[in-house]
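Colleague: Input: one structure, supplied below.
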Amino acid sequence: MASSHLAPNYAPLPVVLAQGKGSWVTDVNGVKYFDALAGYSALNFGHLQPDIVAVAKKQLDTLTLTSRAFGCNLLEPYADALCALSETDMMLPMNSGAEAVETALKGMRKWGHVVKGVAPEDGIIIVADGNFHGRTTTIVSFSTDEDAREGYGPYTPGFKIVPYGDLAAFEAALTPETVGVLLEPIQGEAGVIIPPADYFPGVRTLCDEHHIMFTADEIQSGLGRTGHTFACELTGVKPDLMTLGKALGGGIMPVSAVVGTSEVLGLFTAGTHGSTFGGNPLACAIALKVIELLSTGEYQKRARDLGKTFSARLQGFVDEGLLVAQRSVGLWAGIDLDPRYGTGHDLCVELMKQGVLAKDTHGSTIRLAPPLSTSEEDLHWALDRIEAALRALIGK
Ligand SMILES: Cc1ncc(COP(=O)(O)O)c(C=O)c1O
């Protein structure tokens with residue numbers, strides 16, 4: 001499986017997939033697995049969701065790329081639909097999640113200089129420890145994960161890292177040079193960490209009081225995963241900007257965007273930011289279908305309803321001593337194995353043997369994010385296999 005031509009920047013489980021449908025994938029040997037990772041939530045609608053595949057196929061025969069040098073008949077309808085879904089003024093289309101985050105960072109910095117009047121080079125953006133916002137040089141500059149950072153310096157200045165969920169620490173970090181804050185409403189990569197209920201409202205209030213732009217990174221948490229279109233809805237907070245990605249591309253291609261206030265996004269004038277593929281017709285067609293699927297609320301409801309079963313059974317594993325802890329919201333969970341019984345990777349290998357694919361985050365924690373289209377029966381099947389894998393590791 002290991003090719004010397006492939007840069008070793010991932011350590012995948014020893015499984016080579018060849019097909020997918022709904023919640024299931026099949027490897028090159030014909031073995032079927034339940035996909036409990038769902039492309040890190042990029043596959044919220046499952047593999048090969050028929051409506052998304054149909055619009056993609058149609059668009060492949062119509063027009064795939066114009067670049068932003070020209071208009072495209074789907075771009076403005078896409079912008080209108082995404083702003084309607086997110087109840088925002090404006091959107092800026094990009095491709096990967098990291099590019100959306102970079103766009104939000106650039107927007108907040110520019111706003112800081114132009115609107116808030118902070119001298120160029122002085123603007124500070126506050127971020128949280130345990131964050132995951134992507135892999136660019138600037139983004140890893142404020143990562144607290146040494147694996148993500150090490151060796152990639154010199155690092156981009158202008159960021160202050162505070163403990164996640166600690167409102168007093170956030171307030172203490174504010175200075176007149178603070179122009180923005182970038183936070184995940186729930187930290188996915190850190191192990192589905194849910195902050196205290198007063199955290200986002202408190203950050204919102206402080207941002208208003210100190211004239212600071214608030215960006216919520218909804219790339220993993222957004223688009224139905226938590227049982228709501230955006231995880232911010234759980235907090236009652238409306239951020240100034242949201243970064244979206246992953247599921248926006250329907251599991252087919254990278255599609256990302258920043259949505260939010262025109263006070264920031266309106267500062268991007270022609271020639272000051274962009275991307276060759278951002279807002280391409282194929283992406284627009286797919287994202288428009290994704291928005292249509294989300295606008296019925298059906299997937300969000302599925303995540304809420306199935307989420308009850310999901311969290312109840314995971315909590316049962318905790319109560320029985322099979323897990324140390326579980327944190328779940330909608331169809332999204334971080335589960336912690338007692339490190340005495342193995343690492344998260346060990347658990348993923350055992351799960352794979354049992355027919356479930358998942359991915360460890362850090363240490364003995366793994367993240368579960370099955371497709372929102374999963375049937376209750378399949379979810380129970382996967383949970384039975386998770387239980388069996390835990391019992392095999394623990395010997396219980
Ligand atoms: C919260 C969050 N932001 C940003 C990213 C980066 O997205 P991408 O890998 O598409 O660049 C991720 C990816 O896992 C993420 O979870």
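Colleague: Please build a GNM for the chain, connecting alpha carbons under 10 Å apart, and tell me which residue among Ala11, Ala100, Ala358 fluctuates the most.
Modeller: Checking each option, the largest mean-square fluctuation is seen for Ala11.
Colleague: Here's another thing I want to ask about it. Could you list which residues have their amide H under 5 Å from that of Met213, counting only those 5 or more apart in sequence or on another chain, with H placed in the peptide plane?
Modeller: Under 5 Å from the amide H of Met213 lie the amide H atoms of Gly180, Val181, each far enough along the sequence or on another chain.
Colleague: Provide the net charge surrounding Asp166, with neighbours chosen by a C-beta distance below 14 Å and charges set as Lys +1, Arg +1, Asp -1, Glu -1. Provide the component values of the computation, followed by the final result.
Modeller: Working: positive: Lys160; negative: Asp129, Glu171, Asp198.
With Lys, Arg at +1 and Asp, Glu at -1, the neighbours total -2.
Colleague: On a 24 Å Cα-Cα criterion, which of the cross-link pairs Lys301/Lys396; Lys160/Lys359; Lys21/Lys58; Lys21/Lys396 come out too long?
Modeller: Those over the limit are Lys301/Lys396; Lys160/Lys359; Lys21/Lys396.
Colleague: Gain in length, Phe70 to Ile161, computed as 0.36 nm per residue apart minus the alpha-carbon separation, to one decimal in nm? Intermediate values should be presented prior to the final figure.
Modeller: On the way: separation 91, 0.36 × 91 = 32.76 nm, distance 4.03 nm.
Result: 28.7 nm gained on full extension.
Colleague: Once you keep just the Cα pairs under 8 angstrom separated by 6 or more residues, what percentage relative contact order results for the stretch 90-235? It would help to have the intermediate numbers written out before the result.
Modeller: On the way: 211 pairs, mean separation 33.4, N = 146.
Reported as a whole number, the value is 23 percent.
Colleague: Here's something else I'd like to know. Take the Cβ-Cβ distance between Asp198 and His113 as r, set R0 to 41 Å, and report the resulting FRET efficiency rounded to the nearest 0.05. Mind dumping the intermediate values first?
Modeller: Numbers: r = 31 Å, r/R0 = 0.77.
Here the calculated transfer efficiency is 0.85.
Colleague: Using the scaling law 2.2 N^0.38 Å as the reference, what is the normalised Cα Rg of the stretch 206-252? Kindly include the intermediate steps, with their values, before the conclusion.
Modeller: On the way: Rg = 12.1 Å, N = 47, 2.2 N^0.38 = 9.5 Å.
Taking N as the residue count of the stretch 206-252, the ratio is 1.27.
Colleague: Between the helical axis of 75-86 and the dominant principal axis of the chain, each derived from Cα atoms, what acute angle in degrees is found, rounded to the nearest 10?
Modeller: That works out to roughly 70 degrees.
Colleague: Tell me, what ³J(HN,Hα) does each residue in the stretch 98-111 have, in order and in whole Hz, if you take phi through Karplus 6.51 cos²θ - 1.76 cosθ + 1.60 with θ = phi - 60° and put x for Gly and Pro?
Modeller: With coefficients 6.51, -1.76 and 1.60, one gets 4, 5, 5, 5, 4, 5, 5, 5, 4, x, 5, 4, 5, 4 Hz.
Colleague: Further question on the same structure: Could you tally the net charge around Pro185, taking each other residue with its Cβ under 11 Å from the Cβ of Pro185, Lys/Arg +1 and Asp/Glu -1?
Modeller: Details: positive: Arg225; negative: Glu184, Asp217, Glu218, Glu233.
Overall, the nearby charge balance is -3.
Colleague: Using alpha-carbon pairs under 8 Å, 6+ residues apart, how would you state the relative contact order of the chain in percent? Provide the component values of the computation, followed by the final result.
Modeller: Working: 793 pairs, mean separation 91.9, N = 396.
Value for the chain: 23 percent.
Colleague: Sorting Met352, Met90 by accessible area (1.4 Å probe), largest first, what list results? Display every interim value, and only then the final one.
Modeller: Values: Met352 30, Met90 70 Å².
Correct descending sequence by accessible area is Met90, Met352.
Colleague: Next question. From largest accessible area down, sort Trp381, Trp332, Trp24; use a 1.4 Å probe on the protein chains.
Modeller: On the way: Trp381 90, Trp332 0, Trp24 45 Å².
From most accessible down to least: Trp381, Trp24, Trp332.
Colleague: Considering amide H positions built from the backbone, and no H for Pro or chain starts, which residues 5 or more places from Ser373, or on another chain, come under 5 Å of its amide H?
Modeller: Amide H neighbours of Ser373, under 5 Å, 5+ apart: Gly46.
Colleague: While we're here: Normalise the Debye intensity by I(0) for the chain, one equal point scatterer per Cα, no solvent, then take log10 at q = 0.06 Å⁻¹ and round to two decimals.
Modeller: Once normalised to I(0) and log-transformed, intensities are -0.23.
Colleague: Please give me the summed charge of the neighbours of His380: other residues whose Cβ is under 14 Å from its Cβ, Lys and Arg +1, Asp and Glu -1.
Modeller: Values: positive: Lys308, Arg313, Arg385; negative: Asp305, Glu376, Glu377, Asp378, Asp384, Glu387.
The answer is -3.
Colleague: Also: Can you grab the distance from the C-alpha centre of the stretch 290-333 to the C-alpha centre of the stretch 130-165, Å, no decimals?
Modeller: 30
Colleague: Let me ask you something else. Have a look at His113, His133, His273 and tell me which one the Gaussian network model of the chain (Cα, springs below 10 Å) gives the largest fluctuation.
Modeller: His273
Colleague: How much of the accessible area of the stretch 122-187, probe 1.4 Å, is carbon plus sulfur, in whole percent? Numbers along the way, then the final one.
Modeller: Details: 1440 of 2780 Å².
Result for the stretch 122-187: 52 percent of the exposed heavy-atom area is carbon or sulfur.
Colleague: Right, next: When only alpha-carbon atoms are used, what values of Rg and Dmax, in angstrom, describe the stretch 273-314?
Modeller: Answer for the stretch 273-314, Rg first and Dmax second: 16.1, 47 Å.
Colleague: Pairs of alpha-carbon atoms within less than 8 angstrom and 6+ residues apart define the contacts here; what relative contact order does the stretch 241-396 have, in percent? All intermediate terms of the calculation are to be shown ahead of the outcome.
Modeller: Numbers: 193 pairs, mean separation 26.0, N = 156.
Contact order relative to length: 17 percent.
Colleague: Using only C-alpha positions, report the orientation-averaged shadow area of the convex hull of the stretch 272-367, nm², one decimal. Write out the running numbers ahead of the final one.
Modeller: Values: hull surface 38.2 nm².
Spelled out: convex hull of the Cα atoms, projected over all directions, averaged, 9.5 nm².
Colleague: Oh, and also: Applying the Karplus parametrisation 6.51 cos²θ - 1.76 cosθ + 1.60 with θ = phi - 60° to the phi angles of the stretch 308-318, what ³J(HN,Hα) value in whole Hz is obtained for each residue in order, glycine and proline being reported as x?
Modeller: 5, 4, 4, 6, 5, 6, 5, 5, x, 5, 5
Colleague: Keeping all protein chains in position, work out how much accessible area Lys308 exposes to a 1.4 Å probe, and write it in Å² to the nearest 10.
Modeller: Using a 1.4 Å probe on the heavy atoms, I get roughly 140 Å².
Colleague: Ok, one more. Where the accessible area of the stretch 273-378 is counted over protein heavy atoms with a 1.4 Å probe, how much of it, in %, is carbon and sulfur? All intermediate terms of the calculation are to be shown ahead of the outcome.
Modeller: On the way: 1970 of 3900 Å².
After summing per-atom areas, the C and S share lands at 51 percent.
Colleague: Additional query: Roughly how many Å² is the accessible area per residue of the chain, as a whole number, for a 1.4 Å probe?
Modeller: On the way: 16860 Å² over 396 residues.
Accessible surface, normalised per residue, equals 43 Å².
Colleague: Still on this model: For the stretch 127-189, what is the per residue volume of the convex hull drawn over the alpha-carbon atoms, in cubic angstrom?
Modeller: Details: hull volume 5.2 nm³, N = 63.
So the per-residue Cα hull volume is 83 Å³.
The values are calculated or read from the model by the stated rules, or taken from the named source; none is laboratory data. A quick note: this is a predicted structure, and the numbers were derived from the prediction, not measured. Quick reminder, even Gly has a Cβ in these numbers, built from the backbone with ideal geometry, and neighbours come from all protein chains shown. For the accessible areas, the whole protein counts, side chains as well, though only heavy atoms, and no ligand, DNA or RNA atoms are used. Shrake-Rupley method; radii C 1.70, N 1.55, O 1.52, S 1.80 Å.
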